[in-house]
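*Asks:* Below is the structure I would like to discuss, written out as structure tokens.
The values are calculated or read from the model by the stated rules, or taken from the named source; none is laboratory data. All values reported here derive from a predicted model rather than from experimental measurement. All Cβ positions, glycine included, derive from the backbone under ideal geometry; neighbour counts span all protein chains shown. Calculation scope for accessible area: heavy atoms of the full protein, side chains included, ligands and nucleic acids excluded. Shrake-Rupley method; radii C 1.70, N 1.55, O 1.52, S 1.80 Å.
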Amino acid sequence: AAPNNEDVTLNVRIVPYGNQQRLLIARDVSHLHRLEQTRRDFVANASHELRTPLTVLSGYLDMMEQEGEGELDGWRTPILEMRSQAHRMQRIITDLLKLARLETKTLDVGLEPVDIADVVRELEDEARELSQGRHRLDFSAEPGVFVTGRRSELYSCLSNLVFNALQYTPEGGAITVRWWRDERGAHFSVRDTGIGVSSKDLPRLTERFYRVDVARSRETGGTGLGLAIVKHALERHQGELEIESEEGQGSCFTCHFPLERLQDKAA
Ligand code: ADP
């Protein structure tokens, strides 16, 4: 019995019962559903409220850094540090808002065929710029395989994987990016020869704020939300994330998209 005509969420299972019979078990999980909704709204609202004051603070810190010559000389180091921390906080808030959006709205309007080969080209340019020759980069994409969805979300998802590979692969390592189609669907993979992840940490990687090495992630500017964004953006496109990794050897992150999500276009 739902109060005030609220929606009811049922968790339904059908299990075998005796000979040729089935039992339908329905559990009312409305309260969990409402709690989850409250949590999502809270995170989204809190992030939104924090953004404005932080933008003001960052603006003044930028100004002090640029114009505070002379009288602020002794303060140069603390100002730079405050500015860098404020920017870090801004990145976290942007990622939290992105995640909140990915969790709430359903993906049904504004869909377009997204040319992943084009996204891969863009990512390759950015990766070369960021790597500055420190890694061996090998990008290739099958042309003409489009995913029905939202380009900005797919871009966020795939770019997080490529930037993580750069982040967690020491100088001299290799990063290989592939996009291809087969009879089961289409696949985007990022393989690196970086630090890898132990089997103990592997199952928790896509949790919000889960980081194997918190200090390292902070140092490199990570927010700890990248893989949570990847997972949610993929789920909205019926995709699945597969992670293979060996500590000290490297990792391979693969996004699988099912056939029904694909469109073929002339290359
Ligand atoms: P972060 O902002 O810390 O990179 P992510 O959610 O993107 O957050 O990733 C979570 C954690 O997963 C990282 O802190 C890191 O420990 C691990 N990780 C992600 N990608 C890789 C990778 N390619 N190689 C090794 N570890 C990785």
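*Asks:* Can you tell me how many residues in the stretch 30-77 are free of Cβ contacts under 8 Å to residues at least 24 places away in the same chain, of a type outside the set (Asp, Glu) and either closer than 30 Å to Val12 by Cα or open to solvent by 50 Å² or more (accessible area, probe 1.4 Å) (or both)?
*Replies:* Looking only at that region, the number is 19.
*Asks:* Which of (1) among the charged types (D, E, K, R); (2) closer than 30 Å to Ala186 by Cα; (3) open to solvent by 50 Å² or more (accessible area, probe 1.4 Å) does Arg91 not meet, given it meets every other one?
*Replies:* It is condition (2) that Arg91 fails.
*Asks:* Now, a different point. Test each condition in (1) within 12 Å of the ligand (Cβ to nearest atom); (2) under 20 Å from Ile92 (Cα atoms); (3) not acidic (Asp, Glu) for Leu154 and report the one that comes out false.
*Replies:* Single failed check for Leu154: (1).
*Asks:* Here's a follow-up. When you scan the stretch 129-141, do you find a residue that is within 15 Å of the chain's Cα centre (by Cα) and either without any contact (Cβ under 8 Å) to a residue 60 or more places away in the chain or within 16 Å of the ligand (Cβ to nearest atom) (or both), even just one? Walk me through it before giving the result.
*Replies:* Of the residues in the stretch 129-141, the ones within 15 Å of the chain's Cα centre (by Cα) are none.
Checking the stretch 129-141: not a single residue is within 15 Å of the chain's Cα centre (by Cα) and either without any contact (Cβ under 8 Å) to a residue 60 or more places away in the chain or within 16 Å of the ligand (Cβ to nearest atom) (or both).
*Asks:* Now, a different point. So which residues in the stretch 187-197 are under 22 Å from Glu240 (Cβ atoms) and out of contact with any Cys (no Cβ under 9 Å at 6 or more places or on another chain), if there are any at all? Full working, then the answer.
*Replies:* In the first step, residues of the stretch 187-197 are kept if they are under 22 Å from Glu240 (Cβ atoms); the result is 187-192, 196-197.
Of everything in the stretch 187-197, those that are under 22 Å from Glu240 (Cβ atoms) and out of contact with any Cys (no Cβ under 9 Å at 6 or more places or on another chain) turn out to be Gly196, Val197.
*Asks:* Which number in (1) in contact (Cβ under 8 Å) with a residue 40 or more places away in the chain; (2) more than 9 Å from the ligand (Cβ to nearest atom); (3) open to solvent by 40 Å² or more (accessible area, probe 1.4 Å) marks the one condition that Tyr168 misses?
*Replies:* Going through the list (1) in contact (Cβ under 8 Å) with a residue 40 or more places away in the chain; (2) more than 9 Å from the ligand (Cβ to nearest atom); (3) open to solvent by 40 Å² or more (accessible area, probe 1.4 Å), Tyr168 breaks only (2).
*Asks:* Is it the case that some residue within the stretch 96-111 is modelled with pLDDT of 90 or more, open to solvent by 40 Å² or more (accessible area, probe 1.4 Å) and either touching a Phe, Trp or Tyr at 6+ places or on another chain (Cβ under 9 Å) or farther than 21 Å from Ser217 by Cβ (or both)?
*Replies:* yes
*Asks:* Wholly within the stretch 112-163, which strands (runs of 3 or more DSSP E) include no fewer than the required count, namely at least 1 residues that are in contact with a helix residue (DSSP H, G or I) (Cβ under 9 Å, 6 or more places away or on another chain), farther than 25 Å from Thr206 by Cα and open to solvent by less than 20 Å² (accessible area, probe 1.4 Å)?
*Replies:* Values: elements: 112-115, 136-141, 145-149.
So the answer is 145-149.
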